[in-house]
Amino acid sequence: MEQVVIIGSGNVATSLAHGLVKHCRVMQIYSRQLAHARRLADAVGCENAISDLSQLVQDADAYIIAVSDDVIADVIAAVPDNGALWVHTSGSKPIDLFAGHRSRYGVLWPMQSFSRELVVPLDDVHFFAEASDAASLKDVVGLGSMISRHVVAVDSAQRRWLHVASVFSCNFANHMWTLADEMLTEAGLPFDALKPLISTTIQKLDHMAPAQSQTGPAVRHDKEVIASHLAMLDGDKRDIYDMITQSIMNRNPKDGHAQ
């Protein structure tokens, strides 16, 4: 893959553009807002920014659709097949969005949290690939391998499980940190106090399974501490604490191997 077009200028597109430009020519960047397309194009040295899909160049090797999930199908329908490889980057949308619209297509999903303001190094990000046929899969994997050391072929069902697991491990975990930040702010305490604890918890995963590293009052079935915590909380925080505590206790019976 020597020449690629990136359709999108948001969170995922930004890091992909910065990663790909080191290994191939980014011919063109599209965004519905021309200013956004130009900003990303300027950042990666691309001279062709557009806001009209009818202006897409037709001779690229691959077209990467990195837009919001709800408009992927619209982009596909708006542009005729040109025989090139087309991929979308969604974790939850099926590959079948391309069926009947493209002859060569696939999915290349980076399982990572992105933001437009922060360019994420992609070398160690896991990319999950799927394609319409064996030859296209080889090309999708090859495209991903230019920017990452970890490209794995999966099907749409496996990718959906990976996506929901990522919601639990990233989005939900971040929400827990948000709630913790609110609690500490109300108590006049800094969130920074929790950062070493969070860092150590994540580092443990390099040495043991999550279930093995579980600690805290729930895994110990420490009902006195649990009750005192519940008494301090109300609303959603109390409900969430109670639900997760019960889930941990159910997986760690008191007569089992609780820590």
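Go through the stretch 134-188 and report how many residues are assigned to a loop (DSSP other than H, G, I, E, B) and either among the hydrophobic types (A, V, I, L, M, F, W, C) or in contact with a Ser or Thr (Cβ under 9 Å, 6 or more places away or on another chain) (or both).
4
Restricting the search to the stretch 184-234, which residues are within 30 Å of the chain's Cα centre (by Cα) and hydroxyl-bearing (S, T, Y)?
The answer is T185, S199, T200, T201, S213, T215.
Answer with yes or no whether S92 is surrounded by 13 or more Cβ atoms within 10 Å (Cβ to Cβ), in contact with a helix residue (DSSP H, G or I) (Cβ under 6 Å, 6 or more places away or on another chain), on the phi < 0 side of the Ramachandran plot and in a loop (DSSP other than H, G, I, E, B).
The answer is yes for S92.
Kindly indicate whether any position in the stretch 57-78 is on the phi > 0 side of the Ramachandran plot and either touching a Lys or Arg at 6+ places or on another chain (Cβ under 8 Å) or not assigned by TED's automatic domain parsing to the domain that holds V140 (or both). If you could, list the steps in order and put the result at the bottom.
Our first condition is that a residue be on the phi > 0 side of the Ramachandran plot; within the stretch 57-78, this holds for none.
Scanning the stretch 57-78, I find no residue that is on the phi > 0 side of the Ramachandran plot and either touching a Lys or Arg at 6+ places or on another chain (Cβ under 8 Å) or not assigned by TED's automatic domain parsing to the domain that holds V140 (or both), so the answer is no.
Would a scan of the stretch 190-199 turn up a residue that is basic (K, R) and at pLDDT below 95?
Looking through the stretch 190-199, none of the residues is basic (K, R) and at pLDDT below 95.
L162 fails exactly one of the following numbered conditions: (1) within 25 Å of L122 (Cβ to Cβ); (2) touching a helix residue (DSSP H, G or I) at 6+ places or on another chain (Cβ under 7 Å); (3) of a type in the set (A, V, I, L, M, F, W, C). What is the number of that condition?
Only one criterion is unmet by L162, namely (2).
Conditions tested, residue by residue: (1) polar (S, T, N, Q); (2) free of Cβ contacts under 8 Å to residues at least 24 places away in the same chain; (3) outside the structural domain of L179 (by TED's automatic domain parsing).
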site: L194; (1), (2), (3): no, yes, no
site: Q212; (1), (2), (3): yes, yes, no
site: P217; (1), (2), (3): no, no, no
site: E224; (1), (2), (3): no, yes, no
site: H229; (1), (2), (3): no, yes, no
site: M232; (1), (2), (3): no, yes, no
site: Y241; (1), (2), (3): no, yes, no
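Condition check: in contact with a helix residue (DSSP H, G or I) (Cβ under 8 Å, 6 or more places away or on another chain), of a type in the set (G, A, S) and farther than 19 Å from G91 by Cα. Does S9 satisfy that?
No, not satisfied.
Between a residue in the stretch 55-70 that is at pLDDT below 95 and any residue that is surrounded by fewer than 13 Cβ atoms within 10 Å (Cβ to Cβ) and polar (S, T, N, Q), which pairs come within a Cβ distance under 7 Å, given they are 6 or more apart or on different chains?
That search, which allows pairs on different chains as well, returns nothing.
So that you can scan it fast, the table gives a plain yes or no per residue for (1) surrounded by fewer than 12 Cβ atoms within 10 Å (Cβ to Cβ); (2) hydroxyl-bearing (S, T, Y):
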| site | (1), (2) |
| --- | --- |
| G142 | no, no |
| I147 | no, no |
| A153 | no, no |
| W161 | yes, no |
| N174 | yes, no |
| T178 | yes, yes |
| F191 | no, no |
| I202 | yes, no |
| D206 | yes, no |
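Among the helices (runs of 4 or more DSSP H) lying completely within the stretch 1-84, list those that include at least 1 residues that are aliphatic (A, V, I, L, M) and farther than 22 Å from Q112 by Cα.
In the stretch 1-84, 34-44, 72-78 are the helices (runs of 4 or more DSSP H) which contain 1 or more residues that are aliphatic (A, V, I, L, M) and farther than 22 Å from Q112 by Cα.
Might you check whether a residue that is loosely packed, with under 15 Cβ neighbours inside 10 Å and touching a residue at least 40 places away in the same chain (Cβ under 8 Å) occurs anywhere in the stretch 23-43?
Checked against the condition, which is being loosely packed, with under 15 Cβ neighbours inside 10 Å and touching a residue at least 40 places away in the same chain (Cβ under 8 Å), the stretch 23-43 yields at least one hit.
The values are calculated or read from the model by the stated rules, or taken from the named source; none is laboratory data. Predicted model only: the values in this text are computed from it and were never measured. Using ideal geometry, Cβ is built from the backbone for each residue, glycine included, and neighbour counts are taken over all protein chains shown.
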